[in-house]
Every structure is written in structure tokens, then in C-alpha cells.
Amino acid sequence: MSLENTPPPLPSSPPPYKPPDLPPSPLKPEIVQVVIDKVQQKTGMFSKQSYKMIVTDLRLIFALQAKNNIDYMHQDPNLSLSENPTNFAISLDQVQAIEVYRAGFEDSSPDSMVIKTLSEKISFQINDAYRVGQNLKKILGSIVK
């Protein structure tokens, strides 16, 4: 028998079994809890910017209040945030407190809300302090004062 005709040697042991890679686990989707209309932030002496505050299980998203009827409860929060360059978000782990105030009768001040984060205080005018406070307390608990 010549070397050219000899079959190749058989492997002594088969290669070890390698299971297929598991697909990555899907990320937990961000859930919209409540949307609060007409959250206004002063931008000047006589001007203000009106936002919808979208409260999710991860953050507060402030989306510029537009005339179109977008259903923020069912829209992807990332899409809501990216709709306008003035939109912004605050991660819930940065929020230390949310204070909701009723309008003052003596000075006719509007209902308001102050969000205290680790780095700043942001003030907003709101329409119904009682309703906003109750909705936020249901979702965010004791950080709402």
C-alpha cells in the first residue's frame, strides 16, 4: 500500500460539543405610567414653554406640547424624547423630590411644581396641583411632597 492511498487517521476523540449561542435577552421595555398636560416652564419675563410630562418607570420626559394629537401613553418614550431638540428627560434615580404647590390666593400665583434633582431645581407652572400631586404620588410614592 502506498502513502498516497492510505486514508487519513481517524480522530481519537470528537471535538467537544459547543451549544449554540443564546440570543440576547430582550431589554425590559420602558413603561409610560402617566402623561401630564400643560407643564409650563418660564423662559423669560413674559414667555413660557409648554410641555407634556411623560412619567415612565425610568425617567421623566418633557416633550414640547405640540398641536398634533400624539398618544404619548402608547408611543415609545425614546421617540417622544427625540421629536424635538428642546425635549429633555430626567432619570428617576436623579430625582430627590417633587414638590407640588397650590395657587396662592393673596398673590394670585399659579399652581406649581418643583423637581429637585441631585444637581438642580426646576420649576414649572401646572394647571391642577391636586390632580397632578395625586397622580405622581400613585406612581412615584414618597418623593412627591
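Where a number appears in this text, it was derived from the coordinates with a stated rule and is not lab data. All of these numbers come straight from a predicted model, not from anything done at the bench. With ideal geometry, Cβ positions are generated from the backbone for all residues, glycine too; neighbour counts draw on all protein chains shown.
For Lys116, go through the lysines and keep the ones whose alpha-carbon is under 28 Å away, minus same-chain ones fewer than eight residues off.
Reachable lysines: Lys28, Lys38, Lys42, Lys48, Lys52, Lys137, Lys138, Lys145.
Where does each of 124-131, 104-111 land if you order them by average Cβ count within 10 Å, highest first?
Working: 124-131: 16.5, 104-111: 10.1.
Final packing ranking: 124-131, 104-111.
Trypsin sites (Lys or Arg not before Pro) within the stretch 39-112: which are DSSP loop residues with at most 13 other Cβ atoms inside 10 Å?
Lys67, Arg102
Run the reach check for Lys121 against aspartates and glutamates, Cα to Cα strictly under 14 Å, same-chain hits fewer than 8 apart removed. What comes back?
Those aspartates and glutamates meeting the cut-off are Glu99.
Based only on other Cβ atoms within 10 Å, what is the fewest-to-most ordering of Ser142, Ser50? Please list the in-between numbers first.
Details: Ser142 7, Ser50 14.
Ascending number of Cβ neighbours within 10 Å: Ser142, Ser50.
Give me the extension gain from Asn68 to Phe88: residue separation times 0.36 nm, minus the current Cα-Cα distance, reported in nm with one decimal. Could the numbers behind the result be given before it?
Values: separation 20, 0.36 × 20 = 7.20 nm, distance 1.88 nm.
So the extension gain works out to 5.3 nm.
Defining a contact as two alpha carbons under 8 Å apart and six or more residues distant in sequence, what relative contact order in percent does the stretch 32-143 show? Numbers along the way, then the final one.
Values: 205 pairs, mean separation 23.9, N = 112.
The value is 21 percent.
Arranged by the count of other C-beta atoms within 10 angstrom, fewest first, what order do Asp71, Asp76 take?
Ordered by Cβ neighbours within 10 Å, fewest first: Asp71, Asp76.
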